[in-house]
Amino acid sequence: MLDFVVIFTKGGVVLWHSNVSGSNFASCINNLIRGVILEERNTEAKYYEEDHLAVQFKLDNELDLVYAAIFQKVIKLNYLDGFLADMQTAFKEKYGDIRLGDDYDFDREYRRVLSAAEEASAKQVKAPKTMRSYNESQKSKKTVASMIQDDKKPVEKRVNIQETPPPSKSQPSSPATASSMDKIIMEKRRKLREKLQPTKKTSPNDSKSSKPEKAGKKPRVWDLSDNAKDAVMLDRSKDSPDDVQYQNINSELVGTMQGVIPDLDVESADEDDNEDASSEGEAEEQVQSKKGKRGGLLSYFKGIVGAKTMSLADLQPALEKMRDHLISKNVASEIAAKLCDSVAASLDGKQMGTFDSIANQVKEALTESLVRILSPKRRIDIIRDALESKRNGRPYTIIFCGVNGVGKSTNLAKICFWLIENDFNVLIAACDTFRAGAVEQLRTHTRHLNALHPAAKHDGRSMVQLYEKGYGKDAAGIAMEAIKFAHDTRVDVVLVDTAGRMQDNEPLMRSLSKLIKVNNPDLVLFVGEALVGNEAVDQLVKFNQSLADYSSNENPHIIDGIVLTKFDTIDDKVGAAISMTYITGQPIVFVGTGQTYADLKAINVNAVVNSLMK
């Protein structure tokens, strides 16, 4: 049973809803608008869940309307797709010109469409098949006489059952029918014996005499020659090596092609019908071949001219090319497919101008979708938050996590330099107690950073300190001691370096979840490489899932932001930024480039989108 049905614009203006108090469902609809429709995430599924409620919706891109039905998640309603389509048709028929402010009395049509959908669904549900009784079965109709077999009568193999079908069980065979059956069987046996008898063999002399004499080798006849003299002149089989004389070649044949190389013939049933249109088809193929040689993503769509209404069939070739282009730009294949589905859902049924084209529509829709994905849902301002924590008398804590070799320690040092430049003193907690040389690496970074910003320039205040307890210790305990030490010594920011771990290593993921749960940091940053494609999706999904599953808190602390490293090594293949942001919905806080401490930048959304669209 449907709890609530509503028709509203994509901007959130409600045009009509069912006669049920919608106050209980307002938050569900608002979350649907904010999280799915405006973000264009998973619009191809047309399904959304929240708590115990489920929403199935249908987009009308022609009028920018949304038809949504809310029901209990445990109930399965198979008729919702047809019901929403019929409701869309009925609403368009009654209100062709949609204008805000009108009184939309749609109750009667809604009840009619709902009852028709429920009746059609009820007819499709078949009643369970009941078992037949013994009296209704075929076995009960057999007699005792029909079950007795006479051992004296040989069992004949039936031949050609289609020509003479056996008599039914209810009607016994007559003597005339049996005799005709025996005659047919005997005739078939006679024909079979004739086939099995060996045929008369011919004598070897006759076979030899019947064979024709082997013809001798004939000289080759050249097709390009006009007379037989050329063939005789070119025949060298009868001349001795001493008698071979080189003759002058006719100069008229040099550089000319005598005859035509035939094309490959392809037989076709409608070959005669296509002869008249062959010239036109050749001209069109030349135009399409010229278009196909042009570079760029949108070159595939230039031949598609704008129509009144775009359909999925019109968009499908363009979307396939777009998906391949995104994958070539290092976007994960799963994310590229979802982006194409999102663009298709936003353009299906949309009106297009007379002088517009599908190429422009696809480019605009894809650009808007990419900008929306890369734009952060919430602003992460580390400087503002660190100042707020400093006023409250506690250190601002950031934990870095990620897989092995992505550059966690190096980019931690870059962020530390950026904080020092903004007049924050920093404590680095060496919680990577597993990798050999991890503590020494941080000690080297601390010495270099203090050399760049000596205490004499900061009123005798040491800007960078290292808190380390060696190797083989509990990382969560070291981080807790470091945060307590920073609180006692009035340190502004604590940067916690953790050991690299693969996303499938359960013990290490439990240890990371414990470290975050015990210390409750202000920010958890995932450090990922810009080089990866599909692997970025697997890493982020499993890191987020592990932090949620292995935490005993009701609201576990998962990844808050992303640090994208090695961004200067990928040229224009910046698809990893799209893949990582699409999965978590969290922003890319920093982008690591180069090898110096100053090589730390914020992501430029427009530049990334332009690189993807090139």
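The values are calculated or read from the model by the stated rules, or taken from the named source; none is laboratory data. Remember, predicted model here, so these are calculated numbers, not experimental data. Heads up, the Cβs are rebuilt from the backbone with ideal geometry, glycines too, and the neighbour counts pull from every protein chain shown. Calculation scope for accessible area: heavy atoms of the full protein, side chains included, ligands and nucleic acids excluded. Shrake-Rupley method; radii C 1.70, N 1.55, O 1.52, S 1.80 Å.
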Just to be sure I understand the model, the point goes 7 Å from the Cα along the line to the Cβ. What's the resulting R132 to N422 distance in nm? 8.2 nm
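Work out, step by step, the length gained on full extension between S27 and D385: first 0.36 nm times the residue separation, then minus their alpha carbon distance; give nm to one decimal. The partial results should precede the final answer.
Working: separation 358, 0.36 × 358 = 128.88 nm, distance 2.93 nm.
This chain segment gains 125.9 nm when fully extended.
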Please list, short to long, the whole-number percent of alpha-carbon pairs of the stretch 474-569 in consecutive 5 angstrom bins beginning at zero. 2, 12, 22, 23, 19, 12, 7, 3, 1
Could you tell me the accessible area of Y471 in Å² (1.4 Å probe, neighbours in place), rounded to the nearest ten? 90 Å²
Which FRET efficiency value, to the nearest 0.05, is calculated for N534 and Q351 with the Förster distance at 41 angstrom and r the Cβ-Cβ distance? 0.65
Spelling out what I want: for every residue of the stretch 532-539, take phi, set θ = phi - 60°, compute 6.51 cos²θ - 1.76 cosθ + 1.60 (Karplus), and round to whole Hz; glycine and proline get x. 7, x, 5, 5, 4, 5, 5, 4
Which cross-chain or sequence-distant (5 or more) residues have an amide H under 5 Å from the amide H of D3, H modelled 1.01 Å from N in plane? I70, F71, Q72
Leaving out ligands and nucleic acids, and using a 1.4 Å probe, what accessible area per residue does the stretch 483-614 come to in Å²? 42 Å²
SASA check, C401, accessible area w/ 1.4 Å probe, all protein chains in place, rounded to nearest 10 Å², comes out at 0 Å²
With every protein chain kept in place and a 1.4 Å probe, the residues D474, D504 fall, from largest accessible area down, as D504, D474
Computed FRET efficiency, Cβ-Cβ of T489 and E554, R0 22 Å: what is it to the nearest 0.05? 0.10
Kirkwood Rh and Cα Rg combined as Rg/Rh, the stretch 374-527: 0.95
With θ set to phi - 60° and the Karplus curve 6.51 cos²θ - 1.76 cosθ + 1.60, what are the ³J(HN,Hα) couplings of the stretch 2-15 in order, to the nearest whole Hz, using x for Gly and Pro? 7, 8, 7, 10, 9, 10, 8, 7, 5, x, x, 7, 7, 9
Listed peptides 557-567, 81-91 by packing density, highest first (mean Cβ within 10 Å): 557-567, 81-91
Solvent accessible area, Å² - E440, 1.4 Å probe, full protein context: 80 Å²
Heavy-atom SASA rank of W418, W16 (probe 1.4 Å, accessible area, largest first): W418, W16
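Hey, could you grab the Kirkwood Rh for the stretch 537-602? Inverse mean 1/r over distinct alpha carbon pairs, Å, one decimal.
Numbers: mean 1/r = 0.0753 Å⁻¹.
Here the Kirkwood hydrodynamic radius works out to 13.3 Å.
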Based on Cα positions only, what radius of gyration and what Dmax would you give for the stretch 356-409, in angstroms? 19.7, 60
